Amino acid sequence: MLRSRQTGRDDRACDGARVDACRLWGGHAGQDASSSNELVGTWRMISATLEEDGRETRPYGLKPAGMLVFTPDFHFVEVLTNSETPHVASGRRGEGTDSENREAMTNGVGFFGAYSVRGDGTFSGNVVEGATFPNWVGSERTTHELLLEVRGSRLTETFTRPGGGVLRAAFVRVRAPANARNT
């Protein structure tokens, strides 16, 4: 267990992440995350646009496929893909042609890490611990670069990319099927 020297607060939300950055954001691991954290749950991407150099494109195509998951213990996983990315002819991961590999890399990204919320349950920042784009590993994102806004069952992500451009993605909250159950 990690405990902040400044606050004495339990900083388990920051395990595996850059703890000092997480503390700065005010990780709230000691509270009941399910009642105070508006992000907790699973979100499915329904659209994404990228504004760059005065143009707007759809980086994950017309039928994007993606999920964003926020756990009650302040971890997240995000995977964004273009559902129309062609299959690799060999059928074997890591054995595509240069062109196939470039297409796969361009049309999707996955990353995970730790996140934090403010006292009112709204997003305050994250730290990327692992990513399919290695340059993002170790990135600390505050609300200057990344905004996550929840309105009802919709989440909007606005990310100002380090190299330029603004990605806007819309998500809807995934509800468990009526027949789902814990085993």
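The values are calculated or read from the model by the stated rules, or taken from the named source; none is laboratory data. On a predicted model such as this, the values are computed, not experimentally measured, just so you know. Positions of Cβ are generated from backbone atoms using ideal geometry, with glycine treated the same way; all protein chains shown enter the neighbour counts.
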Within the range 108-160, restricting to residues that are surrounded by fewer than 16 Cβ atoms within 10 Å (Cβ to Cβ), without any contact (Cβ under 8 Å) to a residue 60 or more places away in the chain and of a type in the set (Lys, Arg), the one that is farthest from Pro59 (Cα to Cα) is Arg151
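Of all residues in the range 86-99, which are under 25 Å from the mean Cα position of the chain (by Cα) and modelled with pLDDT of 90 or more? It would help to see each step written out before you state the result.
Initially, the range 86-99 is screened for residues under 25 Å from the mean Cα position of the chain (by Cα), giving 86-87, 93-94.
Of everything in the range 86-99, those that are under 25 Å from the mean Cα position of the chain (by Cα) and modelled with pLDDT of 90 or more turn out to be Pro86, His87.
Using the structure shown, decide if Ala104 is farther than 20 Å from Gly41 by Cβ and assigned to a loop (DSSP other than H, G, I, E, B).
Working: farther than 20 Å from Gly41 by Cβ: yes; assigned to a loop (DSSP other than H, G, I, E, B): no.
Spelling it out, it is not the case that Ala104 is farther than 20 Å from Gly41 by Cβ and assigned to a loop (DSSP other than H, G, I, E, B).
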Among (1) under 23 Å from Asn37 (Cα atoms); (2) charged (D, E, K, R); (3) within 16 Å of the chain's Cα centre (by Cα), the one test that Arg161 misses: (1)
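Looking at Glu100, Glu84, Glu38 in this structure, which one is surrounded by 14 or more Cβ atoms within 10 Å (Cβ to Cβ) and without any contact (Cβ under 8 Å) to a residue 40 or more places away in the chain?
Going through Glu100, Glu84, Glu38 in turn, just one is surrounded by 14 or more Cβ atoms within 10 Å (Cβ to Cβ) and without any contact (Cβ under 8 Å) to a residue 40 or more places away in the chain: Glu100.
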Filter the range 141-170 down to the residues that are farther than 14 Å from Glu51 by Cβ and in a loop (DSSP other than H, G, I, E, B) and list them by number. Thr143, His144, Glu145, Gly152, Ser153, Pro162
